[in-house]
Each structure stands twice: as C-alpha cells, then as structure tokens.
C-alpha cells in the first residue's frame, strides 16, 4: 500500500467509518498469499451480489471503527486485513465469502460482525446455513398468515353449518 498523507488518511477514515455505520455485516479476512488477480476475483464475486471487499490499514480501520458497531471487533485488525462489507443481507455476505474461501484456501476468515454481534469462523459457518433474508421474511409472512386463514375457514364453516341447520329446520316445519 502506498503511504497516505494526512488529508488522504482523514478521507479514508471518514469513508470507512461511513461504510461501518451503514453495514449490516462485516467479515474480517486475512488475504496473505493472494495475488492481485485473486483479490480482484473476490471483489468481482462480491460486487455481483452488491457486496464490497476492501484491504485496509489496521490503524485507520481502528480509528474508523470508533463509535460504530465494528468497534466491538477491533481485535480482528491485526496482520494483513481485508474486510468484506454487506449493507442489506448479512447472511448472503457470509455465504459469498465462505464460498470463495472454499475455492481458494489462501483467504483465511478471522471472524465477523453480523447485525452488531461478533462471531468466530464456526459461528459464521452456522449463519451461512440460514436461508436468505427474503426467504426468512416469506417464512415469517406465511407463519403469520396461517392462523388468520385458518380462522377464516373455521368461521366460514360455522356459518355454512348454521345455514344448513336453518334450512333443515325450515324444511321440517314445512
């Protein structure tokens, strides 16, 4: 990395802090051994899912983390650190990074921060097994809709039975 002057450092910290504040998920990686082509491949695979990968200077990242949820995971800023950032679906972020690390063992995952919680690699693997955010929302909507539709069917059945009983009573009196 090239040496930054004071103004460039302030801009880099400001941009990184903005990203940390907006992020719903951050995965910390060690990219030692990856060449430029491999890092570009990782960036492209993440970019296709509206995710981002940045190589950061640890001192600048620690400063940028102050006042954000990422501050809880500042211990991950040691050695050569690359961070993957997701703004919408943190589960998708974890899935994509783990998927890339399976195809390229040089990318080591140190841990992550999902919705404010700090997780190690094993927990991230568990999180990656979760369905996507859209699928979870659909499951929730279905679970919430089921009792309402069941109630509607029961009320309809009760009304139908009442109507049959009234019709039978009418026939009996005739």
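The table for this structure:
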read-out: Boolean, residue 169 is in the same structural domain as residue 26 (by TED's automatic domain parsing) and assigned to a helix (DSSP H, G or I); value: no
read-out: Candidate set: segment 34-69, residues that are touching a residue at least 60 places away in the same chain (Cβ under 8 Å) and in contact with a strand residue (DSSP E or B) (Cβ under 9 Å, 6 or more places away or on another chain); chosen: the one surrounded by the fewest Cβ atoms within 10 Å (Cβ to Cβ); value: 34
read-out: Residues of segment 25-53 that turn out to be on the phi < 0 side of the Ramachandran plot, at pLDDT below 90 and not in a helix (DSSP H, G or I), as a count; value: 6
read-out: Residues of segment 87-117 satisfying the condition of being over 13 Å from the mean Cα position of the chain (by Cα) and not in a helix (DSSP H, G or I); value: 104, 105, 106, 107, 108, 109, 110, 111
read-out: Checking residue 78 against (1) under 18 Å from residue 56 (Cβ atoms); (2) in contact (Cβ under 8 Å) with a residue 24 or more places away in the chain, the condition it does not meet; value: (2)
read-out: Exclusive hit being over 16 Å from residue 26 (Cβ atoms) and modelled with pLDDT of 85 or more, set 117, 86, 79, 111; value: 79
read-out: Answer from 141, 152, 157, 123 - the residue that is in a helix (DSSP H, G or I) and either in contact (Cβ under 8 Å) with a residue 60 or more places away in the chain or within 28 Å of residue 82 (Cβ to Cβ) (or both); value: 123
read-out: Out of 15, 3, sole residue that is loosely packed, with under 14 Cβ neighbours inside 10 Å, more than 14 Å from the chain's Cα centre (by Cα) and modelled with pLDDT under 90; value: 3
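The values are calculated or read from the model by the stated rules, or taken from the named source; none is laboratory data. Bear in mind the structure is a predicted one, so any value in this text is a computation, not a measurement. Backbone-built Cβ (ideal geometry, glycine too); neighbour counts: all protein chains shown.
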